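Have a look at this one.
The values are calculated or read from the model by the stated rules, or taken from the named source; none is laboratory data. Computed from a predicted structure; not experimentally measured. Don't worry about glycine lacking a Cβ; one is built from the backbone with ideal geometry, like all the others, and counts go over all protein chains shown. For the accessible areas, the whole protein counts, side chains as well, though only heavy atoms, and no ligand, DNA or RNA atoms are used. Shrake-Rupley method; radii C 1.70, N 1.55, O 1.52, S 1.80 Å.
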Amino acid sequence: MADLHEQLKRIGLRSGREPIDALLVHAQKSKLSPVQFLEELVSLELRERDAANLVRRSKDAAIGTPAPLDRFDWNHPRAIDRDLYEHLLGLDFLGRGENVLFRGPAGVGKTTLAKNLGLRALERGYSVLFRTLPAALADLMRQESIPATERRLRRYT
């Protein structure tokens, strides 16, 4: 069995030993046909790759773990347009190449809303980079030359 796992790794499968072993047991018990087994194996591999990809992109996005929206106090800052925000969660603005800017006084939830919007984009397969304006400006100021600053600015835009 160990040889099989090594061979699967050599041809590029990334699924771990335990999920593959579980699939083999399931295939035997369910008497899956070779085609059904291969369909299940491909499905397992795609799920594993999607999960690993989401973990990597989430780390690169630097979003962290924001408070979930179901615990967000929509009544505290009365100026937040909840319907508009829920529309933004559809991510239609990305297809149009538009930006979203959260502005307002400190403590009203801008960061929480922005991070949750970023998480939604990550879940849908988009790449995300979360930076507050002060952090982005500090990063730009650390660049050692004008061309480096321009490259970093293009990365942000």
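For (1) outside the structural domain of Arg57 (by the TED database); (2) within 23 Å of Ile80 (Cα to Cα); (3) open to solvent by 50 Å² or more (accessible area, probe 1.4 Å), each residue gets a yes or a no:
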residue	(1), (2), (3)
Thr112	yes, yes, no
Lys115	yes, yes, no
Arg120	yes, yes, yes
Met141	yes, no, yes
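Taking the range 129-143 on its own, how many of its residues are among the basic types (Lys, Arg) and part of a loop (DSSP other than H, G, I, E, B)?
1
For the range 21-46, what are the residues that are under 29 Å from Ser127 (Cβ atoms) and open to solvent by less than 90 Å² (accessible area, probe 1.4 Å)? Please lay out each step first, then the result.
Initial filter on the range 21-46 (under 29 Å from Ser127 (Cβ atoms)): 41-46.
Leu41, Val42, Ser43, Leu44, Glu45, listed by residue number.
Being touching a residue at least 12 places away in the same chain (Cβ under 8 Å) and either in a loop (DSSP other than H, G, I, E, B) or open to solvent by 100 Å² or more (accessible area, probe 1.4 Å) (or both) is the filter here, so list the residues in the range 52-82 that pass it.
Passing the criteria: Ala62, Ile63, Gly64, Pro66, Ala67, Pro68, Phe72, Asp73, His76, Pro77, Ala79, Ile80.
Looking at Arg49, is it touching a residue at least 24 places away in the same chain (Cβ under 8 Å) and open to solvent by 60 Å² or more (accessible area, probe 1.4 Å)?
When the stated conditions are applied, Arg49 passes them.
Now for a separate question. Looking only at residues that are outside any helix (DSSP H, G or I) and either small (Gly, Ala, Ser) or touching a Gly at 6+ places or on another chain (Cβ under 6 Å) (or both) in the range 83-110, which one is most open to solvent (accessible area, probe 1.4 Å)?
Initially, the range 83-110 is screened for residues outside any helix (DSSP H, G or I), giving 89-91, 96-109.
Going one step further and asking which of them are either small (Gly, Ala, Ser) or touching a Gly at 6+ places or on another chain (Cβ under 6 Å) (or both), we end up with 90, 97, 104, 106-107, 109.
On the way: Gly90: 35, Gly97: 65, Gly104: 42, Ala106: 100, Gly107: 64, Gly109: 18 Å².
The selected residue is Ala106.
Taking the condition assigned to a helix (DSSP H, G or I) and farther than 30 Å from Leu46 by Cα, does Arg152 pass?
Yes, satisfied.
Of all residues being in a helix (DSSP H, G or I) and within 19 Å of Ala51 (Cα to Cα) in the range 9-20, which is most open to solvent (accessible area, probe 1.4 Å)? Just the residue, please.
In this case the residue turns out to be Glu18.
Considering the range 108-141 alone, what residues qualify as being free of Cβ contacts under 8 Å to residues at least 12 places away in the same chain and closer than 24 Å to Asp70 by Cβ?
Correct list: Lys110, Gly125.
If you go through the range 123-135 one residue at a time, do you hit one that is among the aliphatic types (A, V, I, L, M) and within 30 Å of Leu23 (Cα to Cα)? Let's see the steps before the verdict.
Narrowing the range 123-135 to residues among the aliphatic types (A, V, I, L, M): 128-129, 133, 135.
Pick out the ones that are also within 30 Å of Leu23 (Cα to Cα) and you get none.
Taking every residue of the range 123-135 in turn, none turns out to be among the aliphatic types (A, V, I, L, M) and within 30 Å of Leu23 (Cα to Cα).
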